[in-house]
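Read through the structure below, which is laid out as structure tokens, and then see the notes.
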Amino acid sequence: MTSYNREQIRDIIFDALGAIAPEVEPALIAPDRPLREQIDIDSFDFLNFIIRLHETLGIDIPEKDYAELLTLNSAVEYLTRRCAAQQ
Amino acid sequence: MYEFRMPSLGADMEAGTLVEWLIKPGDEVQRGQVVAVVETQKGAVDVEIWETGTVDKLVVEAGRKVPVGELLALLRTVGEPAAAAPETLGTRGAPQVATAPAIVAAALPRAEAAAVSARQRVAPAARKLAEELGVDIASVQAAEPGAVISRADVERAAQAKTLTPAVAKAAAPDWHAQMRMAIAAAMSRSKREIPHYYLASDIDVTAVSSWLETENLKRSVTERLLPVVPFMKAVALALREVPELNGFWIDGAWRPSAAVHLGMAIAMRGGGLVAPAIHDADRKSLDQLMADLRDLITRVRSGRLRSSEMSDPTVTFTNLGEQGVEGVFGVIYPPQVAIVGLGKITERPWVEGGAVVVRKVVTATLAADHRASDGHRGGLFLAALDRLLQEPERLR
């Protein structure tokens, strides 16, 4: 299991979002506002986002944790924690 | 001799441009095989043939705009001998729409752009390069349909741009305008011709929601079901109980459909929508429905739809709950006779056994054609939907 710092996790999130919603401009995302208010993604897109994170980071994200991925900041926190726990 | 004709890929389609033949004379073709690419107002579509045989002759050449019903090719069915005197390409079929060569030339790149502009997937490095080279990323095509656009694709587009700047630039906005025209035509016809009636019913979906939660807990992330999937199955099964809502109203007559082909309203990135069919939704497992839905949405957004998906939905299902909408009263897509709508699942106060409890509730709606059914039957459909959703384990 590779270890990731917050900066790397943030880049991985942007890559996953960019593959789903290519028009997303990372610099314009407000880190504390819900992502789905800022990006036009539906539940299908969101599931693909989770699948991409799963493929890149090797962690399984249960549905009950989806709420932790609402904003960019909370997603970075959650994924950093989960990756560290898998060490 | 089987005559392969330009199919109608929706009520709003009068003609389509034959972009590419995927067969040539002498080829063996199978029933259901994709044989041509046709550009419609709603993008490029893979057109299937519904006969098995040998291609005798291609009547229309690629690049031509052809009205619906026009002969495109001739097929020798099994055991049939070859035609004695093959005719020259393009000599048959007088009413082909005359198209100026300039328009034909522009139609080709537009069709390809249409297929990808719905939802492109772009590598960040490719996006950066496109900005540096001044290439419009919307006009760049991936090496393979549906693939992520790479730096190499951008470089190739930059080279093409220096050769044909006008065509590449005109592509995307024109496609959006065409999409709006197609929607305008179908929806205006619907409101002009169809006497809609509208029903709504609040349904307690606590059981199906918790069933799905438990089910998804057992599944890896790649096998999870989207919340809409059990609803698709329940809608399809309820339609079997009230068949007056499933089929077509054509030339003043009701034509029921034995099969339930559920047209899924899918929004396209940047505006517009399509409602292609999931075939035989009432007979598929939830896993199969999820796989089909995944395949369909992926192709709506980054690939191409097939002609049968465009032409044969027997009813439409629209799910606007994700935008926070509580109820949606749809406009029927002619010649269908019903559209079922689902709003957002919310926790609401609910009276049960004389007490107020908190339940997960959704507003299900039906807009139906009063020529084909009455409100009473429509009400039975919503009641059946409610009943089916109370026993989620039986939806599998």
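Some notes on this structure:
- Filter result for B:VAL331 (among the hydrophobic types (A, V, I, L, M, F, W, C) and out of contact with any strand residue (DSSP E or B) (no Cβ under 6 Å at 6 or more places or on another chain)): yes
- Some residue of the stretch B:293-300 being touching a strand residue (DSSP E or B) at 6+ places or on another chain (Cβ under 7 Å) and more than 14 Å from chain A (Cβ to nearest Cβ): no
- Yes/no for B:VAL274 being β-branched (Val, Ile, Thr), open to solvent by less than 30 Å² (accessible area, probe 1.4 Å) and within 14 Å of another protein chain (Cβ to nearest Cβ): no
- Only one of the listed residues (A:ARG52, A:ARG36, A:ARG10) is in contact (Cβ under 8 Å) with a residue 60 or more places away in the chain, out of contact with any strand residue (DSSP E or B) (no Cβ under 8 Å at 6 or more places or on another chain), outside any loop (DSSP other than H, G, I, E, B) and open to solvent by 20 Å² or more (accessible area, probe 1.4 Å). That residue is A:ARG10.
- Among the candidates B:GLU347, B:GLU322, the residue that is in a strand (DSSP E or B) and open to solvent by 20 Å² or more (accessible area, probe 1.4 Å) is uniquely B:GLU347.
- Those residues of the stretch B:1-18 which are open to solvent by 60 Å² or more (accessible area, probe 1.4 Å) and of a type in the set (A, V, I, L, M), in sequence order: B:MET1
- Cβ separations smaller than 8 Å between residues 6+ apart or across chains give no pair from the stretch B:281-294 residues that are more than 18 Å from B:ILE266 (Cβ to Cβ) to residues that are surrounded by fewer than 18 Cβ atoms within 10 Å (Cβ to Cβ) and among the β-branched types (Val, Ile, Thr).
- Among residues of the stretch B:201-219 that are over 19 Å from B:VAL235 (Cβ atoms), those with a Cβ under 6 angstrom from a residue that is modelled with pLDDT under 95, sequence gap 6+ or separate chain, pair up as B:ASN216/A:GLU63; B:ASN216/B:ARG224.
- Flag for A:GLU63 being over 28 Å from B:GLY270 (Cα atoms) and at the interface with another protein chain (Cβ under 9 Å from one of its Cβ atoms): yes
- Candidate set from the stretch A:25-34 (those that are more than 10 Å from chain B (Cβ to nearest Cβ) and more than 15 Å from A:LEU69 (Cβ to Cβ)); member that is modelled with the lowest pLDDT: A:ALA27
- Restricting attention to the stretch A:39-49, the residues being without any contact (Cβ under 8 Å) to a residue 12 or more places away in the chain and either more than 8 Å from every other protein chain (Cβ to nearest Cβ) or farther than 26 Å from B:GLY343 by Cα (or both) number 0.
- Taking the criterion of being outside any helix (DSSP H, G or I) and surrounded by 19 or more Cβ atoms within 10 Å (Cβ to Cβ), the residues of the stretch B:209-239 that qualify are B:ARG224, B:LEU226, B:PRO227.
- Check on B:SER201, of a type in the set (Ser, Thr, Tyr) and assigned to a helix (DSSP H, G or I): no
- So B:ARG189, is it assigned by TED's automatic domain parsing to the domain that holds B:VAL328, modelled with pLDDT of 90 or more and surrounded by fewer than 18 Cβ atoms within 10 Å (Cβ to Cβ): no
- In the set B:LEU385, B:LEU395, only one residue is modelled with pLDDT under 95, touching a helix residue (DSSP H, G or I) at 6+ places or on another chain (Cβ under 9 Å), within 27 Å of B:LEU226 (Cβ to Cβ) and surrounded by 13 or more Cβ atoms within 10 Å (Cβ to Cβ); that residue is B:LEU395.
- Residues of the stretch A:1-37 satisfying the condition of being of a type in the set (S, T, N, Q) and under 12 Å from the mean Cα position of the chain (by Cα): A:GLN8
- Contact map, the stretch B:222-241: first residue farther than 10 Å from B:LEU289 by Cβ and within 12 Å of another protein chain (Cβ to nearest Cβ), second residue among the hydroxyl-bearing types (Ser, Thr, Tyr) and assigned to a helix (DSSP H, G or I), Cβ cut-off under 8 Å, separation 6 or more or different chains; pairs are B:PRO227/A:SER43; B:PRO227/B:SER209.
- Filtered by the rule that a residue be farther than 15 Å from A:LEU72 by Cβ and more than 10 Å from every other protein chain (Cβ to nearest Cβ), the stretch A:5-24 gives a lone residue, A:ASN5.
- Candidates in the stretch B:250-270 are the residues that are open to solvent by less than 50 Å² (accessible area, probe 1.4 Å) and more than 14 Å from chain A (Cβ to nearest Cβ); of these, the one that is nearest to B:ARG180 (Cα to Cα) is B:GLY263.
- Test: B:GLU309 is within 25 Å of B:PRO7 (Cβ to Cβ), assigned to a helix (DSSP H, G or I) and without any contact (Cβ under 8 Å) to a residue 60 or more places away in the chain: yes
- Among the residues of the stretch B:355-379, those identified as open to solvent by less than 70 Å² (accessible area, probe 1.4 Å) and of a type in the set (A, V, I, L, M, F, W, C) are B:ALA355, B:VAL357, B:VAL361, B:VAL362, B:ALA364, B:LEU366, B:ALA367, B:ALA368, B:ALA372.
The values are calculated or read from the model by the stated rules, or taken from the named source; none is laboratory data. Remember, it's a predicted structure, so these values are computed and weren't measured experimentally. All Cβ positions, glycine included, derive from the backbone under ideal geometry; neighbour counts span all protein chains shown. Areas reflect the complete protein model, heavy atoms only, side chains present, ligands, DNA and RNA absent. Shrake-Rupley method; radii C 1.70, N 1.55, O 1.52, S 1.80 Å.
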